[in-house]
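Reading through the structure tokens given below for one structure.
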Amino acid sequence: MAERLNHFIDGKRTAPSDGRYFESTNPATLEVLYEAARGNAEDVDRAVASARKAFEASAWSRLTATQRGHLLRRLGDLIGEHADDLALSESLDNGKLLREMRGQMRALPEYYYYYAGLADKIQGTQIPATSLEILNYTQWEPLGVVGAITPWNSPLTLTTSKIAPALAAGNTVVIKPSEYTSRTVLRLAELADEAGFPAGVVNVVTGFGIEAGAPLVSHPSLAKISFTGSTATGSRIASEAAARFIGCTLELGGKSPNIVFDDANIANASMGVVAGIFAAAGQTCIAGSRVFAHASVFDELVERVTARARSIRIGDPLHNDTELGPLAFADQLEKVDSYVKLGATEGATVHAGGKQPEGLELPGYFYSPTVLTDVNNDMRVVREEIFGPVAAIMPFETEHELVALANDTEYGLAAGVWTQNLARAHRLARRIDAGTIWVNTYRAMSPMSPRQGFKSSGVGIEHGIQSMYEYSRLKSVWINTDEGPVSDPFVMRG
Ligand code: NAD
């Protein structure tokens, strides 16, 4: 029988209240990896109660900000020590390349170190309010219990983007990881325990969105929900949060433009286009899925990207020379393939891919890197997030036309601009309606650099100093330093 993984609640592995589990499968081999606890409302209630108790208990609430920073630093160290095991677990779970996950896991401690350093640097201010006798100052406080709901494509990194600032700010957390990738987030909670976080500060309830995610969002003791996932789910979560007047941070979908001007270094730009859409088999929110190329370099770009797409080595994500692993689960494969078929019926030309690769030794959910042309902004393959290795390449004539085309989308997560014209780079950075702009690079990321999805791509900021404030509330304190008689309350001021 497959190994069984339980929730992590109040510092302990905790079996699901109704004894139910679900299977997690390796998308490359289709083997069952383990069974995880199938969380329900009762499990969520226990986790939130444990987080609330921990929030109030002196073991956590009486720590100084500097002491919280020490704990985060220790957690970063432990993650660094276990980086290779964590990477292997994530790769087995979601099919992403082991070497990519190793890179992510080795970078992950930096997130904890960064927020460890910020924990004691969030300061209030003294305000020259109404009179010299009044001392008015502000102080930042933690919110309480923060819920974190995350997707499967980069499970620990995306969870860390939420919990590192939330913990640094003094909150406690309940995490609901994706049902496709439960293992490493449970391991993270154990490492937090080993690092010395008091029991109940970090809790994990595994399970499905409707069964475990929804009860977390609607739990009356939740102070804030931080969500990364699809725009459709994000919209439901935002409505629920609004109804209860709790804050939400949402990192949602994208359909990012990757733009190649005629003055770009075409060799670099084609690599940037390939990396933008085929890295992680296109299963990233920031995928550069809409490629715009100036008409004078369009044919050359299509040729270069197509040639590289055809030569991408598809196979076992655990092998060092593999460049593209499988999609994460059967529905993903079905979705990607049906979008490509739809595009073809709408008139798209398929230059590379467009089907599952043949002759692979593994039975998993593989899909060949796909390049489409003869597409436009009216077609669903260009408008909707496919979340797979599918590039739609379109020509443009002028910068003015390009800006209109690039911004003609419901999303606003990221954009790439390839040009050697400095003035144009700055102009485009200002005019493109997206929270992250990369010039002559793509996919760059750092815990230090704030990111925000514009339009349907999100609400609120992750990373950077700014995200500390997403998990804090501001209090204004007024102190009368005048010990004389208080004036008559019925003499109203005008
Ligand atoms: P999803 O919305 O299906 O699921 C995300 C999480 O929400 C999972 O844990 C799921 O169980 C949970 N969930 C589902 N329904 C819920 C509900 N009704 N209430 C509460 N929780 C619920 O998304 P996914 O398929 O796991 O992830 C892919 C999506 O995530 C893509 O759209 C991608 O663009 C987006 N994403 C965004 C970012 C970003 O930073 N902007 C990063 C990675 C992925």
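Overview of values
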{"item": "Karplus (6.51, -1.76, 1.60) ³J(HN,Hα), θ = phi - 60°, over segment 228-236, in Hz, Gly and Pro reported as x", "result": "10, x, 6, 5, 5, 5, x, 5, 5"}
{"item": "Quarter of the Cα convex hull surface for the chain, i.e. its orientation-mean projected area (nm²)", "result": "27.5 nm²"}
{"item": "Relative contact order (percent, whole number), the chain, Cα cutoff 8 Å, 6+ residue spacing", "result": "18 percent"}
{"item": "Degrees, to the nearest 10: 422-431 long Cα axis against longest axis of the chain", "result": "60 degrees"}
{"item": "Principal-axis tilt of helix 65-81 within the chain, Cα atoms, nearest 10 degrees", "result": "30 degrees"}
{"item": "Amide H partners (placed H, <5 Å) of GLY464, local residues excluded", "result": "MET448, SER449"}
{"item": "Amide H contacts under 5 Å for GLY435, placed H, 5+ residues apart", "result": "LEU413, ALA414, PHE454"}
{"item": "Surface per residue (accessible, 1.4 Å probe) for the chain, Å²", "result": "42 Å²"}
{"item": "Above-threshold pairs, the threshold being 32 Å between Cα atoms, out of LYS53/LYS475; LYS53/LYS455; LYS224/LYS341; LYS53/LYS162; LYS96/LYS162", "result": "LYS53/LYS455; LYS224/LYS341"}
{"item": "Compactness of segment 28-149 - radius of gyration and Dmax, Cα, Å", "result": "20.6, 72"}
{"item": "Separation of alpha-carbon centers, segment 342-399 and segment 207-273, rounded to whole Å", "result": "23 Å"}
{"item": "Using distinct alpha-carbon pairs, which all enter the 1/r mean, Kirkwood radius of segment 257-439 in Å", "result": "16.4 Å"}
{"item": "Amide H partners (placed H, <5 Å) of GLY458, local residues excluded", "result": "LEU252"}
{"item": "Percent carbon-and-sulfur accessible area, the chain, ignoring ligands, DNA and RNA, probe 1.4 Å", "result": "52 percent"}
{"item": "Range of Cα positions in segment 163-248 per principal axis (Å), largest first", "result": "37, 28, 19"}
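The values are calculated or read from the model by the stated rules, or taken from the named source; none is laboratory data. Note that the structure is predicted; figures quoted are calculated from it, not measured. For accessibility, only protein heavy atoms count, side chains too; no ligands or nucleic acids. Shrake-Rupley method; radii C 1.70, N 1.55, O 1.52, S 1.80 Å.
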